[in-house]
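This report refers to the structure that appears directly beneath it.
The values are calculated or read from the model by the stated rules, or taken from the named source; none is laboratory data. Everything numeric in this text was worked out from a predicted model, so none of it was measured. Cβ: placed from backbone, ideal geometry, glycine included. Neighbour counts: every protein chain shown.
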Amino acid sequence: MAGHWAQVRERSAEQVRAAVESPASEPAIATAARAYLDGAPDPLGAAAVFQVGADTVSLYEVHKRFASSTPGSSSTGPSSRSLRSCGSTRSGS
């Protein structure tokens with residue numbers, strides 16, 4: 001599964017960067033995502049980055065590519081992304 005995650009991160013890197021830099025993103029979530037991308041073990045940041053990746057890349061296509069070793073097509077999501085809370089109970093900044 002680590003290879004799958006690496007593919008998701010690689011294919012969604014531009015959208016993740018855009019979401020982290022978006023003024024519509026909640027500051028605490030964007031900060032956590034930046035920390036995670038910089039190597040910190042931040043669960044909120046990991047979840048935010050994964051969510052953008054999952055919304056951007058067809059996880060089925062990534063799996064199919066690894067399973068068959070045949071290049072698959074990627075699915076691109078919305079071009080404009082932001083990081084927003086979905087009823088999070090996490091307190092902080």
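Is it true that some residue in segment 50-70 is at pLDDT 90 or above and buried (at least 17 other Cβ atoms within 10 Å of the Cβ)?
Looking through segment 50-70, at least one residue is at pLDDT 90 or above and buried (at least 17 other Cβ atoms within 10 Å of the Cβ).
Given the criterion out of contact with any Lys or Arg (no Cβ under 8 Å at 6 or more places or on another chain) and closer than 11 Å to L83 by Cβ, identify the matching residue among A13, A32, A54.
On the way: A13 fails: closer than 11 Å to L83 by Cβ; A54 fails: closer than 11 Å to L83 by Cβ.
Only one candidate qualifies: A32.
If M1 satisfies all but one of (1) surrounded by fewer than 20 Cβ atoms within 10 Å (Cβ to Cβ); (2) at pLDDT 90 or above; (3) among the aliphatic types (A, V, I, L, M), what's the number of the condition it fails?
Failing condition for M1: (2).
Considering only residues that are among the polar types (S, T, N, Q) and within 12 Å of V52 (Cα to Cα), look in segment 4-21 and name the one that is surrounded by the most Cβ atoms within 10 Å (Cβ to Cβ).
Filtering segment 4-21 for residues that are among the polar types (S, T, N, Q) and within 12 Å of V52 (Cα to Cα), the one surrounded by the most Cβ atoms within 10 Å (Cβ to Cβ) comes out as S12.
Do we have any residue at all in segment 22-34 that's surrounded by 15 or more Cβ atoms within 10 Å (Cβ to Cβ), at pLDDT 85 or above and in contact with a Phe, Trp or Tyr (Cβ under 9 Å, 6 or more places away or on another chain)?
no
Determine the pairs where a residue that is closer than 13 Å to T31 by Cα, located within segment 41-61, has a partner that is modelled with pLDDT under 85 with Cβ atoms under 6 Å apart, the partner being 6 or more residues away or on another chain.
Here the result reads A48/L83, each pair linking segment 41-61 to a residue that is modelled with pLDDT under 85.
Only one of (1) in contact with a Lys or Arg (Cβ under 9 Å, 6 or more places away or on another chain); (2) surrounded by 15 or more Cβ atoms within 10 Å (Cβ to Cβ) fails for A46. Which number is that?
A46 satisfies all of (1) in contact with a Lys or Arg (Cβ under 9 Å, 6 or more places away or on another chain); (2) surrounded by 15 or more Cβ atoms within 10 Å (Cβ to Cβ) except (1).
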